[in-house]
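These notes are about the structure you will find just below.
The values are calculated or read from the model by the stated rules, or taken from the named source; none is laboratory data. What you are looking at is a predicted structure, and each value in this text was computed from that prediction instead of being measured. Neighbour counts are summed over all protein chains in view; Cβ atoms, including those assigned to glycine, are modelled from backbone coordinates with ideal geometry.
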């Protein structure tokens, strides 16, 4: 673990040098990846999306925030020695709990510590905030892979983040549950920005059909637009990569799914990040919204 910690410190140091050379301080954009139900490939999407952003020169930290089924480490065949629990109990600093996964991707394993995150005292929450800020200042994106469904914890992550990517599939139950998630979150905070990712489709036509169903009902009943960020085709290479415990973008870079995730990442970076002028963004905005919510 000491090698991991040293490698992360060197990584952060190199990022800090780049940041100091710029007149504008880096502010990580915080986004959640969520789904209305389990089994839609949310965590696999999160991991490969992060790696695609990294391949495009962005600094990305993945935070496994799925309390019940945390498995980002499993998808990479990693065995983290420490997790969020050790940070919250002040047994380790954040540089020691951040692991370097596939292609040097920084990630934080949630583990049992995630439940404690919702019970912190003000002093402990301030400590957590200061710790995560030391890393977030050197990142472009912090991606929280949340639990599926409508748990209190998932809803709090979504409403505190800058943006939520909702992953669905063409299955009717997946579509219905994705809309239910959007509806509930919208009822809690109508300023949350959503974008839709349609997974396991036969092609572009089916992806648009699924996205249109959710978009039309959202426009009718919620008076809001839910743009589709992109889609991933159903590809047998994805399951092969899962069995290898290797991200499919790494194991099969020429596969349909890998090409789709790369295109999706490029689209994401090309779309302007809309934010009201008076709204805090990044980790400071995330923690500000987190602290004001008891739901």
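Numbers at a glance
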| read-out | value |
| --- | --- |
| From the options 151, 130, residue that is exposed (fewer than 15 other Cβ atoms within 10 Å of the Cβ) and within 21 Å of residue 61 (Cβ to Cβ) | 130 |
| The stretch 258-272, subset assigned to a helix (DSSP H, G or I) and surrounded by fewer than 17 Cβ atoms within 10 Å (Cβ to Cβ), residue farthest from the chain's Cα centre (by Cα) | 259 |
| Residues of the stretch 83-124 classified as outside any loop (DSSP other than H, G, I, E, B) and modelled with pLDDT under 85, total | 6 |
| Per-region count, the stretch 71-82, residues touching a residue at least 60 places away in the same chain (Cβ under 8 Å) and assigned to a loop (DSSP other than H, G, I, E, B) | 4 |
| Filter result for residue 52 (surrounded by 18 or more Cβ atoms within 10 Å (Cβ to Cβ) and at pLDDT 95 or above) | yes |
| Subset of the stretch 189-212 [under 23 Å from the mean Cα position of the chain (by Cα) and exposed (fewer than 15 other Cβ atoms within 10 Å of the Cβ)] | 189, 190, 191 |
| Residue match in the stretch 27-35 (condition: surrounded by fewer than 23 Cβ atoms within 10 Å (Cβ to Cβ), at pLDDT below 95 and under 14 Å from residue 142 (Cα atoms)) | yes |
| Looking only at the stretch 193-234, and only at residues there that are in a loop (DSSP other than H, G, I, E, B) and touching a strand residue (DSSP E or B) at 6+ places or on another chain (Cβ under 6 Å), the one that is farthest from residue 268 (Cα to Cα) | 234 |
| Residue list for the stretch 125-152, filter: over 25 Å from residue 105 (Cα atoms), assigned to a helix (DSSP H, G or I) and either within 14 Å of the chain's Cα centre (by Cα) or touching a residue at least 60 places away in the same chain (Cβ under 8 Å) (or both) | 125, 152 |
| Any pair with Cβ under 9 angstrom, 6 or more apart, that starts in the stretch 227-255 at a residue that is farther than 24 Å from residue 212 by Cβ and ends at one that is part of a strand (DSSP E or B) | 238/200; 238/232 |
| Residue match in the stretch 164-178 (condition: modelled with pLDDT of 95 or more, in a loop (DSSP other than H, G, I, E, B) and crowded, with 20+ Cβ neighbours inside 10 Å) | yes |
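Condition check ((1) over 23 Å from residue 185 (Cβ atoms); (2) surrounded by fewer than 16 Cβ atoms within 10 Å (Cβ to Cβ)) across all residues:
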residue	(1), (2)
214	no, no
217	no, no
226	no, no
230	no, no
233	yes, no
239	yes, yes
244	yes, yes
251	yes, no
256	yes, no
